[in-house]
Amino acid sequence: MPTPTLTQSIVITLIQCLLVVIFVFVVVPLTVFAERKVLGHLQQRLGSTRVASGHIGFSGWMNRRMWKMGRVPVVSYWRGIPGLVGDVLKLILKEDIMPAKADKFVFFLAPSISMVAAIVVFAAISFVPGTFFTFPTWFPYLGGLPVSGGISDINVGLLWILGVATVGVYGIVLAGWSSNSKYPLLGGLRSAAQMVSYEVPLTLSLLAPVVLSASLNFSEMSSHMAIGMPAWALIPQVIGFLLYLTCGFAETNRLPFDMPEAENELVAGFHTEYSGMKFGLFYLAEYINMTVVSALASAFFLGGPWLLPFGLQGLLNPYLPGFLSWFGAPHAIFFVAKIIFLLFTYIWVRGTIPRYRYDQIMAVGWKYLIPLALVNLLLAAVIRCFAV
Amino acid sequence: MEHFIETIGRNMFAIFGVMALVGALLMIGSRSAIHSVLGFLFAMLNIAGCFLALEAEFLGVAQILVYAGGIVVLFLFVVMLVEMSKKKEGEVFQLQSRYAVVAVAGGAALFLAVFRKAIFGAPSPEALVLRPELAKGLDVAHQNAQAVSRGLFADYLLPFEILSVILLVALVGAVVLAKTERV
């Protein structure tokens with residue numbers, strides 16, 4: 001296997017970045033669409049079934065016929081998808097309004113901080129340990145070179161993810177402040193308090209995998225948590241998983257913890273004054289953050305690129321017959337499937353649990369989640385000390 | 001091309017350092033308190049970059065996590081809550097500037113006197129550790145976090161614990177002050 005020169009490795013890294021961006025820009029719109037559909041079914045309706053121009057052509061004719069027959073048309077069920085293009089076009093083309101007394105520079109800076117902090121996190125996430133694919137030899141300039149499963153699988157990957165993700169809070173706080181308006185300011189302050197306090201149990205719940213796997217490297221941690229340890233040592237981490245997921249909901253400002261934008265109290269919270277693509281960046285950042293939280297949860301608790309969660313893969317592997325060995329090896333498809341399942345969980349929870357009151361959120365965070373996370377950490381430490 | 005990228009890579013520390021200085025200047029120079037906090041944030045992120053350029057990955061990322069993620073957010077929070085009027089702010093700064101220059105000059109002289117050896121002297125061949133037997137088998141260049149934790153929890157355990165007790169005292173003190181003010 002040839003070793004790449006410096007320029008070649010930089011080109012490969014750029015290709016990886018491109019792949020990550022493509023992944024994000026495929027996953028986010030589909031999540032938005034899934035949100036409409038799943039929420040619709042949770043509320044006993046169909047979700048989006050048509051776009052404005054859905055009355056032309058063959059499928060439009062079939063649609064009309066079936067509606068006339070009093071049935072929900074099968075073709076029509078997915079016809080909301082073109083609406084996503086409409087959404088994107090609307091965000092890009094809409095007039096960008098800036099409040100007259102806004103702080104112009106900070107108003108401009110806030111959405112970009114949100115977006116950058118959300119997407120830079122992917123630098124340390126590795127989708128597969130080792131090589132993702134190898135360029136075929138006929139490929140110009142890069143022929144025969146391997147592309148690894150993560151952009152940079154650094155030794156302190158987990159800390160990088162946590163650190164950069166915390167920078168995202170500036171986007172929200174600064175957006176609230178720079179709008180020079182009361183509701184956004186309140187939303188921004190609320191979010192600062194909420195996100196800073198939920199960061200503590202979030203980090204504590206992620207410390208348990210760190211203790212168990214004795215590493216901060218992303219792929220090492222995920223392989224330790226998937227196949228490196230006996231299942232009974234990892235099954236207590238179900239608590240850690242639930243804790244992490246709860247704090248992840250709070251960190252990404254999703255229901256039931258969406259205090260920064262609580263519509264019935266704060267109009268739209270921190271992004272009240274934003275329009276056009278600036279609002280679009282906040283929207284995008286929120287969904288990318290959801291994807292990141294799902295990726296971490298699936299990597300550290302659900303087995304990551306391996307098939308089975310909670311260390312069960314290690315139990316299964318010796319008994320796999322030869323023709324099924326594909327299920328014993330890490331694969332990016334498993335990782336993505338778990339991310340998609342967790343994104344579904346996000347929508348599921350949103351449709352099920354009503355919003356907390358602000359003081360309740362703080363009480364839950366400080367009085368219940370942090371002690372529980374500490375107990376979980378202690379449990380992990382005991383297991384690590386005596387068993388593994 | 002190759003040569004160019006290598007040159008950039010070798011001078012990463014200088015690039016981040018200059019940008020950190022720019023951030024610090026922005027912090028001092030800007031009129032609005034929020035802009036100052038932003039300049040501070042920029043400086044902190046660039047200092048993290050400096051650490052990364054020196055291959056101290058753990059310190060660099062901890063810098064982002066602690067300063068950018070925690071402390072500067074609290075600064076921002078406080079600045080947003082306590083909004084000082086522009087005029088008052090200017091007066092306060094004008095009164096203080098003379099003393100501030102003296103204090104900074106004195107501080108810089110002290111700093112140079114204390115760290116003269118570290119800055120201008122020859123680099124020491126080995127890291128300063130009290131119990132070198134603990135660091136055996138540790139590849140410091142690639143196991144940053146482990147090396148730092150050896151330092152904190154084995155070599156310098158007592159100073160480290162004293163430091164955390166001091167922080168705890170500060171916390172309790174802040175709570176006491178806030179309580180008595182309200183009554």
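Coordinate-derived values only; no laboratory data. This structure is a prediction, so every number in the text was calculated from the model and none was measured. Please note: Cβ atoms are built from the backbone with ideal geometry, for glycine as well, and neighbour counts cover all protein chains shown.
Whole-Hz Karplus ³J(HN,Hα) for region A:363-377, in order, using 6.51 cos²θ - 1.76 cosθ + 1.60 and θ = phi - 60°, x for Gly and Pro?
Going residue by residue, I get 5, 4, x, 7, 8, 10, 5, 5, x, 4, 5, 5, 4, 4, 5 Hz, with x marking Gly and Pro.
Measure off 7 Å from each Cα along the Cα-to-Cβ vector at A:A387 and B:A109, then give the distance between these two points in nanometres to one decimal.
Here the answer is 6.3 nm between the modelled labels.
Rounded to whole Å and sorted largest first, what semi-axes of the equivalent ellipsoid does the C-alpha gyration tensor of region B:1-83 yield via the square root of 5 times each eigenvalue?
29, 15, 7
Rounded to whole Å and ordered largest first, report the semi-axes of the equivalent ellipsoid of chain A derived from its Cα gyration tensor (root of 5λ).
35, 29, 24
Find out how many positive minus negative residues lie around A:M290, taking Lys and Arg as positive, Asp and Glu as negative, among other residues whose Cβ is under 13 Å from that of A:M290.
Taking every other residue near A:M290 into account, the sum is -2.
Got a sec? How would B:H3, A:H271 order by Cβ neighbour count within 10 Å, fewest to most?
B:H3, A:H271
Sort out for me the Cα centre separation of region A:248-315 from region A:183-246, rounded to whole Å.
Taking the Cα centre of each part, region A:248-315 and region A:183-246 sit 14 Å apart.
Sort A:S205, A:S294 so the one with the fewest other Cβ atoms within 10 Å of its own Cβ comes first.
In increasing order of surrounding Cβ atoms, one gets A:S294, A:S205.
In what order do A:S126, A:S197 fall by count of nearby beta-carbon atoms within 10 Å, going from fewest to most?
A:S197, A:S126
How many partner chain Cβ atoms sit within 10 Å of a residue's Cβ in peptide B:54-65, on average, as a whole number?
Neighbouring Cβ atoms belonging to other protein chains average 4 per residue here.
Counting just the Cα atoms, what span does region A:238-374 cover along each of its three principal axes? Round to the nearest Å and put the largest first.
Largest first, region A:238-374 extends 59, 39, 23 Å along its Cα principal axes.
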